[in-house]
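*Asks:* Please find one structure pasted underneath; my questions will follow.
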Amino acid sequence: MAGYENLQQVAQVLKSNGTDGELVMGFREIAPEDINLKEPVFIVFDGLPVPFYIESFTKRGNTKALVRLTDICSMEDVEEIAGKAVYIEEDNLPEMSLEEDGYAALVGWVVLTPLMPDQVGHDGEDDGHDEDVIAGLTGNLCEVGEITDFIDIPNNPCIEVETENGAVMIPLHEDLILSVDPEYQEIIMQIPAGLI
């Protein structure tokens with residue numbers, strides 16, 4: 001989409017809901033309630049982003065919403081855009097932070113995990129300094145997947161991560177978090193064996 005670098009994907013059209021043009025939209029970068037209903041969303045046709053305005057919007061769960069868009073009036077119209085990405089202008093993205101939004105701000109981040117010593121082939125010596133291990137993680141990390149949801153289970157918050165083998169739930173326990181990088185939206189975790 002040359003010339004449209006200011007657009008950011010925030011959702012995807014999942015399917016129709018009924019026969020009169022209402023659709024189900026799944027959100028990835030932002031929570032449904034954070035969308036600015038006064039600003040257009042964009043869907044790409046033939047390489048060009050086409051603006052649509054939101055006529056009605058009803059949140060469904062943490063990551064989905066029932067939406068009506070201008071000029072989408074039938075099930076056939078929805079089927080034409082089903083599966084397409086939905087973009088908004090970056091200026092309209094809400095600012096999210098771990099301080100204000102808590103762990104829900106992690107949706108869209110990437111989870112990384114350190115490779116085991118036998119996977120990276122170093123000399124196996126351990127000097128006992130955890131901070132050295134964390135500082136030396138660069139280049140010895142394995143991408144687990146993208147965080148698609150935050151599940152606030154009392155006393156056991158979890159993140160849902162989309163891996164190459166499907167979605168998995170990972171406990172968001174402070175003992176498992178090695179580092180958090182808001183600039184690159186990455187979280188490095190020591191993931192218990194058998195979870196991924």
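The values are calculated or read from the model by the stated rules, or taken from the named source; none is laboratory data. Remember, it's a predicted structure, so these values are computed and weren't measured experimentally. Neighbour counts run over all protein chains shown; Cβ positions are idealised from the backbone, glycine included.
*Asks:* Restricting the search to the stretch 8-39, which residues are acidic (Asp, Glu) and modelled with pLDDT of 90 or more?
*Replies:* Applying the first criterion (acidic (Asp, Glu)) to the stretch 8-39 yields 20, 22, 29, 33-34, 39.
If the condition is that a residue be acidic (Asp, Glu) and modelled with pLDDT of 90 or more, then 20, 22, 39 are the ones that fit.
*Asks:* Hey, another quick one. Go over the candidates 30, 54 one by one and state the one that is over 23 Å from residue 105 (Cα atoms) and touching a residue at least 12 places away in the same chain (Cβ under 8 Å).
*Replies:* On the way: 30 fails: over 23 Å from residue 105 (Cα atoms).
Testing whether each residue is over 23 Å from residue 105 (Cα atoms) and touching a residue at least 12 places away in the same chain (Cβ under 8 Å) leaves just 54.
*Asks:* Could you name every one of the strands (runs of 3 or more DSSP E) located completely within the stretch 1-83 that has at least 1 residues being exposed (fewer than 15 other Cβ atoms within 10 Å of the Cβ) and hydroxyl-bearing (Ser, Thr, Tyr)? Give the steps one after another, and end with the answer.
*Replies:* On the way: elements: 7-16, 23-27, 41-45, 48-52, 54-60, 64-69.
By residue number, 54-60.
*Asks:* Here is a list: 180, 161, 133. Which entry is modelled with pLDDT of 90 or more and among the hydrophobic types (A, V, I, L, M, F, W, C)? Even if it seems obvious, please write down each step before you answer.
*Replies:* Numbers: 180 fails: modelled with pLDDT of 90 or more; 133 fails: modelled with pLDDT of 90 or more.
161 is the lone residue from the list that is modelled with pLDDT of 90 or more and among the hydrophobic types (A, V, I, L, M, F, W, C).
*Asks:* What is the residue count in the stretch 172-184 for residues that are under 17 Å from the mean Cα position of the chain (by Cα) and not charged (D, E, K, R)? Full working, then the answer.
*Replies:* From the stretch 172-184, those under 17 Å from the mean Cα position of the chain (by Cα) are 172, 180-184; that's our starting set.
Going one step further and asking which of them are not charged (D, E, K, R), we end up with 172, 180, 182, 184.
Adding up the residues that qualify gives 4.
A quick yes/no check of all residues on (1) in contact (Cβ under 8 Å) with a residue 12 or more places away in the chain; (2) more than 30 Å from residue 151 (Cα to Cα); (3) of a type outside the set (Val, Ile, Thr):
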| residue | (1), (2), (3) |
| --- | --- |
| 20 | yes, yes, yes |
| 35 | yes, no, no |
| 41 | yes, no, no |
| 50 | no, yes, no |
| 59 | yes, no, yes |
| 62 | yes, no, yes |
| 71 | yes, yes, yes |
| 85 | yes, no, yes |
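*Asks:* Of the residues 144, 161, 168, which is of a type in the set (Val, Ile, Thr), surrounded by 15 or more Cβ atoms within 10 Å (Cβ to Cβ) and more than 18 Å from residue 63 (Cα to Cα)?
*Replies:* Numbers: 161 fails: more than 18 Å from residue 63 (Cα to Cα); 168 fails: more than 18 Å from residue 63 (Cα to Cα).
Checking each option against the conditions leaves just 144.
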